[in-house]
Every structure is written in C-alpha cells, then in structure tokens.
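First the structure, in the form of structure tokens, and then the observations on it.
The values are calculated or read from the model by the stated rules, or taken from the named source; none is laboratory data. These numbers were taken from a predicted model, which means no experiment stands behind them. Counting neighbours? That spans all protein chains shown, and the Cβs are built from the backbone with ideal geometry, glycine included.
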Amino acid sequence: ATPTSIMVGTGRGAELGVLFRKGEALQSLKDARVVALDKTGTLTEGKPTLTDLETTGGHARNNVLALIASVEVKSEHPIARAIVEAAEADGLKLSDLTRFESVTGYGVSADVGGRHVEVGADRFMEKLGLDVGAFATIAARLADEGKSPLYAAVEGELAAIIAVADPIKPSTPEAIRALHDLGLKVAMITGDNRRTADAIARQLGIDEVVAEVLPDGKVEAVRALKRQHGGLAYVGDGINDAPALAEADVGIAIGTGTDIAIEAADVVLMSGSLKGVPNAIALSKATIRNIR
Ligand code: ADP
Ligand code: MG
C-alpha cells in the first residue's frame, strides 16, 4: 500500500472511532479469516449481576450471601462486584475477613468470623474435593439461560449455587452479523463454563467456542484457531487478553478496556461498541482495493 492510501485509511478509521496504532494493521486486517472474541467485557458489558442463589445443607440465603460478599470484597473480578452489590442491596452487614486467597481462573477463599468460605467455579470446588452434583439440574438450567453458575462452600461443605448474568452489549449481534457478511468465521474464547458459553454462542450465532480456558490458555487457543483458519484477529479488553492480542495477526482492544490490553493491541476501538471490528476490516479491504 502507498503511504498516501494508508494515511487516508487511517484518517477514515479515526472518523469511525477505529484507531490504527500501526500502519501494517490496516494492511493485514483484510487477510483475517476468523475473528476471535473474548467474552467478558468484549461481547458482554463486563458488568454481571447476581441473579440466583439457592442453598443446601440448611443454610439461610442471606447468611450465605453475607459470607461470600465478605470474601469477594477483596477480589477485583467483575463477579466479585456483582456479589458485593447484591449483598449491599439487601442491606446485609459484611464481616471482616482473614487469610484471603485468590486462585486465578478458579475462585477465592477466606476466613470470615471464624468460618472458612470458598467461592468459585465448579472446577474450584473439584479442586477442593467437593462434589457439586447435587446442583446439576439447577446448574444446567442456569447455564442454558446464559448465566454463569458458581458455588459457595462453608467450612468445607457445599452451601450454595449462585448465578451471575452479564448482559450482551447492544452492538454485539449486529457486529457478528456484519462479520459473517464479510465472510469471516467468529469464535469466542472464555474462562467461563462450557454450557454457559455454548448458550451465549447459540444465541449470537457464533461459529466456534473455546470455553473453560485458564487465563494463560488464551494464547494457546489463539494459536489453535490460527492453525485451523489462517489469518486471525483477536478482540479483547482485559489484562489477561494482552498475550492473545500480541499473538494474533491483528490485536484489537476495546478502548474502554484496560491500558495493558490497549498497549498490546494494533488497533483500538475508541468506544465499547463492537461494530468497530467489521468496520475496521471493511476499511482495510477498501483501502487495499483502492491502491491496486
Ligand atoms: P472470565 O474472564 O471468563 O471470568 P477468569 O479466568 O477470570 O475468566 O475466571 C474463570 C472463572 O473462575 C469464572 O468464570 C468464575 O467461575 C471463577 N472465578 C474467578 N474469580 C472469581 C471470584 N472472585 N469469585 C467467584 N468466582 C470466580
Ligand atoms: Mg474480558
């Protein structure tokens, strides 16, 4: 591409709210065959709310909610904020905690008022040697509704199943349709539950799902999708998306996301809207066509 056409394309991108940090990105985006999207904060708002909480073992709902919220106060995960906000909305009093521990990609634990409390994904409970089978039917229903099931244990015994739901961004369905119209495959990479991820993918017409990925597994997922499809653009917003953004042929960060993701990206979408992704690809195709 000529420097002039790149300059014109970059300027047009700026008008569309798409910042090309590197000139090569404008040239290489046209070769993308698959767009891999992070789920939380990219396809979704990244602001989950607590939707369900069912207890077992004679625990009262509010006691369990107060205990887990007391633990989540210390966590920075969006799920943690959902739980703390739900407890506060119900006027529950949080207690002091000791021995807080966060296991990235699994969950959190702490002692609250002398009781050991653990909150996290099913694989966290498995790690702790707890069987969540008693909640299998409820968990399946919640996941099929696109909600993320989590579990709480008190004193080493399963105490509750919890669900959080993170709304899909209004721009997401349209952006996915536009990517399909451009002839691209759309994949989703997430640390969330497989069944939840499948339900969301079905709802959005996403072609491929890589679920239950541990934070450092996103790069491996990107490599596998590249091998399978060829040119790959990765879209993400979080700290743990940075390696995947760097590994992709073109890394696209959500401008409302973390600085670390933006730094690792070739392209930045100035708004949270995902429409910038098909816009950027269409622009790349148009720019390169013009100079031939
Ligand atoms: P994602 O960005 O998809 O949520 P993470 O790797 O951050 O991926 O987390 C994977 C899973 O671990 C979450 O979906 C959740 O089930 C569990 N988890 C992580 N952090 C917490 C937390 N603070 N409280 C409860 N569960 C958590
Ligand atoms: Mg994210």
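Can residue 187 be described as closer than 15 Å to residue 35 by Cβ, of a type outside the set (D, E, K, R) and either without any contact (Cβ under 8 Å) to a residue 12 or more places away in the chain or in a helix (DSSP H, G or I) (or both)? Against the criterion (closer than 15 Å to residue 35 by Cβ, of a type outside the set (D, E, K, R) and either without any contact (Cβ under 8 Å) to a residue 12 or more places away in the chain or in a helix (DSSP H, G or I) (or both)), residue 187 does not qualify. Among the conditions (1) away from ligand 2 (no atom under 15 Å from the Cβ); (2) assigned to a loop (DSSP other than H, G, I, E, B); (3) surrounded by fewer than 21 Cβ atoms within 10 Å (Cβ to Cβ), residue 206 misses just one, which is (3).
Among the conditions (1) surrounded by 24 or more Cβ atoms within 10 Å (Cβ to Cβ); (2) in contact with a helix residue (DSSP H, G or I) (Cβ under 7 Å, 6 or more places away or on another chain), residue 276 misses just one, which is (2).
For residue 105, the criteria (1) at pLDDT 95 or above; (2) within 16 Å of residue 40 (Cβ to Cβ) hold in every case but one, which is (1).
Criterion applied to 201, 143, 197 was being in contact with a Lys or Arg (Cβ under 6 Å, 6 or more places away or on another chain) and under 30 Å from residue 278 (Cα atoms), and the one residue passing it is 143. Number of residues in region 18-64 that are within 27 Å of residue 279 (Cα to Cα) and touching a residue at least 60 places away in the same chain (Cβ under 8 Å): the value is 29. Each residue in region 1-34 was checked for being surrounded by 18 or more Cβ atoms within 10 Å (Cβ to Cβ), among the hydroxyl-bearing types (Ser, Thr, Tyr) and modelled with pLDDT under 90, and 1 of them qualify.
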